[in-house]
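Notes follow once the structure below has been shown.
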Amino acid sequence: MSRKDPGSSIWFSLAIDGESLGYFNGCEGLSTQVVVEQRQEGGNNGFVWQLPTRVTYSNIRLTRPLTPDTAKVAKWISSVQTGIQRPTAQISALRADGSLVARWGLIDVLPVSWQGPSLDPGSASVANEVLEIAHHGFTD
């Protein structure tokens, strides 16, 4: 029986309403925070209530070298001009053999920004793109 390291991933795939936008080699910002309000209880000086008030979600940044799938990203971002629709999305962390490490479903996804590569003929660096998306929470 082969043992797989559950935490190692090589790339991430992004799908918007089931349509793949390709593979990315970097993903950051998969995080959430519960905002807590403190309330002191009268007469009990040794205790403070920690009450959850709201949950916030950070933007997610996906990076990759320029690929033909860049056109799919550009098409999705351009669709915002004709009316905002907030689809669902899935980000999957994959191993080198394509097997799944983990998957995150996102609610009400919106493209926030896209940064294309710096094309400099004097530089031998890889032409990278960065896609930043906002969301309203996780589905699973």
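The values are calculated or read from the model by the stated rules, or taken from the named source; none is laboratory data. Predicted model, so just to flag it, every value in this text is computed and none were measured. Backbone-built Cβ (ideal geometry, glycine too); neighbour counts: all protein chains shown. These area figures cover heavy atoms from the full protein model, side chains too; ligands, DNA and RNA do not enter into them. Shrake-Rupley method; radii C 1.70, N 1.55, O 1.52, S 1.80 Å.
Only one of (1) under 20 Å from TYR23 (Cβ atoms); (2) among the aromatic types (Phe, Trp, Tyr); (3) not in a helix (DSSP H, G or I) is not met by TRP76, so which one is it? Condition (3) is where TRP76 drops out.
Give me a count of the residues in the range 88-102 that are surrounded by 12 or more Cβ atoms within 10 Å (Cβ to Cβ) and either assigned to a strand (DSSP E or B) or without any contact (Cβ under 8 Å) to a residue 12 or more places away in the chain (or both). So the answer is 8.
Suppose we keep only residues that are in a helix (DSSP H, G or I) and of a type outside the set (Gly, Ala, Ser) within the range 58-73. Which one would you say is surrounded by the most Cβ atoms within 10 Å (Cβ to Cβ)?
First pass over the range 58-73, keeping only residues in a helix (DSSP H, G or I): 70-73.
Subsequent filtering for residues that are of a type outside the set (Gly, Ala, Ser) retains 70, 72-73.
On the way: THR70: 19, LYS72: 16, VAL73: 21.
Per the criteria, the residue is VAL73.
When the range 103-140 is filtered for residues that are without any contact (Cβ under 8 Å) to a residue 60 or more places away in the chain and under 14 Å from the mean Cα position of the chain (by Cα), the ones remaining, listed by number, are ARG103, GLY105, LEU106, ILE107, ASP108, LEU110, PRO111, VAL112, SER113, TRP114, THR139, ASP140.
Here are some residues: ILE84, ILE107. Which one is of a type outside the set (S, T, N, Q), modelled with pLDDT of 95 or more and open to solvent by 40 Å² or more (accessible area, probe 1.4 Å)? After ruling out the rest, the residue left standing is ILE107. Of the numbered conditions (1) open to solvent by 70 Å² or more (accessible area, probe 1.4 Å); (2) closer than 30 Å to SER118 by Cβ, GLN38 satisfies every one except a single condition; which is it? Of everything listed in (1) open to solvent by 70 Å² or more (accessible area, probe 1.4 Å); (2) closer than 30 Å to SER118 by Cβ, GLN38 misses just condition (2).
For the range 26-84, the set of residues classified as touching a Cys at 6+ places or on another chain (Cβ under 9 Å) and basic (Lys, Arg) consists of ARG61 only.
Going by the conditions given, is TRP49 in a strand (DSSP E or B), at pLDDT below 95, open to solvent by 40 Å² or more (accessible area, probe 1.4 Å) and among the hydrophobic types (A, V, I, L, M, F, W, C)?
Details: in a strand (DSSP E or B): yes; at pLDDT below 95: yes; open to solvent by 40 Å² or more (accessible area, probe 1.4 Å): yes; among the hydrophobic types (A, V, I, L, M, F, W, C): yes.
So TRP49 passes the test.
All conditions but one from (1) modelled with pLDDT under 90; (2) surrounded by 10 or more Cβ atoms within 10 Å (Cβ to Cβ) apply to VAL55; the one that does not is (1).
In this structure, SER113 does not qualify as closer than 16 Å to TRP11 by Cα, open to solvent by less than 80 Å² (accessible area, probe 1.4 Å), part of a strand (DSSP E or B) and hydroxyl-bearing (Ser, Thr, Tyr).
Do you know which residues across the range 121-136 are at pLDDT below 95 and either among the basic types (Lys, Arg) or open to solvent by less than 90 Å² (accessible area, probe 1.4 Å) (or both)? Of everything in the range 121-136, those that are at pLDDT below 95 and either among the basic types (Lys, Arg) or open to solvent by less than 90 Å² (accessible area, probe 1.4 Å) (or both) turn out to be GLY122, SER123, SER125, ALA127, ASN128, GLU129.
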